[in-house]
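First up is the structure itself, then whatever we jot down about it.
The values are calculated or read from the model by the stated rules, or taken from the named source; none is laboratory data. Small disclaimer: the values here were computed from a predicted structure and weren't measured. Don't worry about glycine lacking a Cβ; one is built from the backbone with ideal geometry, like all the others, and counts go over all protein chains shown. Each accessible area value is taken on the protein alone, full model and side chains, heavy atoms only, with ligands, DNA and RNA left out. Shrake-Rupley method; radii C 1.70, N 1.55, O 1.52, S 1.80 Å.
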Amino acid sequence: MSMQRTQTSSSYDALRAAIVSGAIAPDARLVEADVSATFGMSRGAVRTALIRLEQDGLVVREPHRGARVRKVSNEEAVEILQVRAVLEGLAVRQAAERIDDAGKQHLTACLARQRELLEAGDLLGASDANADLHAALLDLSAHGTAQRLIRGLHSQTVRYQYRTILIPGRPAASVEEHTAIVEAVIDGRPDDADAAMRRHLLNVAQAAQLQFVPKDIDIASRGAL
């Protein structure tokens with residue numbers, strides 16, 4: 001790979017990361033000249049990047065109006081959680097079938113960290129810890145297709161402006177639900193792991209439908225649960 005291609009790829013990754021993290025807010029206009037100057041990309045590279053980002057569902061391009069960061073609606077966020085329930089159920093089923101001692105220790109540490117942060121009253125920190133736990137479970141599944149699809153969905157909600165952990169009653173429920181998932185995976189019980197993950201994410205979807213948290217609480221949410 002040439003140095004120019006490497007630089008272009010790096011700039012694209014930086015642009016994508018800025019959108020996914022929320023550093024570039026939903027509905028923000030993406031002016032070619034500004035993107036070019038900010039990320040050190042040629043105009044042609046910017047146009048190519050915007051096409052790729054549109055294909056990933058992160059950007060909307062409109063005739064005569066240019067491109068903007070696509071905003072995820074409340075309804076779509078709930079639908080994404082429902083789809084994730086099925087896919088992540090499959091992932092933890094696979095993880096339970098292939099878990100080793102190192103994986104068990106890692107999951108136990110992730111769960112302990114979540115509990116520690118919740119006990120300290122750090123709800124947003126606990127939300128990030130939850131995201132780390134979901135990522136660890138996905139990695140342990142070694143299911144390439146599920147990983148690709150789930151990460152694609154996660155990129156849609158990572159900048160979503162709501163954190164369900166902030167909804168009253170969700171912190172305690174979150175600990176209970178994640179404990180059931182981790183215990184089932186560690187014990188090598190695929191059916192129970194699948195059911196626990198589906199129950200967890202569908203509960204989150206239901207909670208989100210009942211009460212959305214105002215976006216100004218955490219505009220750069222990782223979309224953790």
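Tell me which of 51, 185, 137 sits at the most positive position along the dipole axis of the chain, charges placed on C-beta atoms (Lys, Arg +1; Asp, Glu -1).
So the residue furthest toward the plus end is 51.
Short version: ³J(HN,Hα) in whole Hz for each residue of region 25-30, in order, from phi by Karplus 6.51 cos²θ - 1.76 cosθ + 1.60 (θ = phi - 60°), x for Gly and Pro, what are they?
6, x, 6, 5, 6, 10
Around residue 146, under 15 Å between beta carbons, what's the net of Lys plus Arg minus Asp minus Glu among the other residues?
On the way: positive: 84, 93, 98, 148, 151, 198; negative: 88, 97, 139, 194.
Here the count lands on +2.
From the backbone phi of region 91-108, what are the Karplus-calculated ³J(HN,Hα) couplings (6.51 cos²θ - 1.76 cosθ + 1.60, θ = phi - 60°) in whole Hz, Gly and Pro given as x?
Using θ = phi - 60°, the values come out as 4, 6, 4, 5, 4, 5, 7, 10, 4, 10, 4, 5, x, 4, 5, 5, 5, 4 Hz.
Let's see if you can work this out: charge +1 on each Lys and Arg Cβ, -1 on each Asp and Glu Cβ, no other charges. What is the dipole magnitude of the chain about its Cα centre, in debye to the nearest 20? Show your work: numbers first, answer last.
Numbers: 27 positive and 29 negative charges, 207 e Å.
That gives the chain a dipole magnitude of about 1000 debye.
Which whole-number value in Å² is the accessible area per residue of region 22-145, probe 1.4 Å?
Averaged over the residues of region 22-145, the accessible area is 50 Å².
Set the Förster radius R0 to 30 Å, insert the Cβ-Cβ distance between residue 101 and residue 145 as r into 1/(1 + (r/R0)^6), and round the FRET efficiency to 0.05.
0.70
Add +1 for every Lys or Arg and -1 for every Asp or Glu among the other residues with Cβ under 12 Å from the Cβ of residue 99, and state the total.
Net of charged neighbours comes to -2.
Would you mind checking which residues have amide H under 5 Å from residue 59's amide H? H placed 1.01 Å from N; only 5 or more apart, or other chain.
Hits under the 5 Å cutoff: 54, 70.
Which value at 222 nm does the chain reach when only helices count, each DSSP H run of 4 or more adding -39,500 (n - 2.57), with the total divided by all residues and rounded to the nearest 500 deg cm²/dmol?
The per-residue figure over the chain is -23000 deg cm²/dmol.
May I ask you to evaluate 6.51 cos²θ - 1.76 cosθ + 1.60, the Karplus curve with θ = phi - 60°, for each residue of region 34-39 and list the ³J(HN,Hα) values in order in whole Hz, giving x for glycine and proline?
3J(HN,Hα) across region 34-39, in whole Hz: 5, 4, 4, 6, 5, 10.
What is the dipole size for region 94-161, taken about its Cα centre, with +1 at each Lys and Arg Cβ and -1 at each Asp and Glu Cβ, in debye to the nearest 20?
300 debye
Please compute the length gained on full extension between residue 51 and residue 65, using 0.36 nm multiplied by the number of residues separating them and subtracting their Cα-Cα distance. Walk me through the intermediate numbers first.
Numbers: separation 14, 0.36 × 14 = 5.04 nm, distance 1.48 nm.
Working it through step by step, the gained length comes to 3.6 nm.
Please give the net charge around residue 61, taking every other residue with its beta carbon less than 9 angstrom from that of residue 61, where Lys and Arg add +1 and Asp and Glu add -1. Intermediate values should be presented prior to the final figure.
Working: positive: 65, 68; negative: 54, 62.
For residues surrounding residue 61, the net value is 0.
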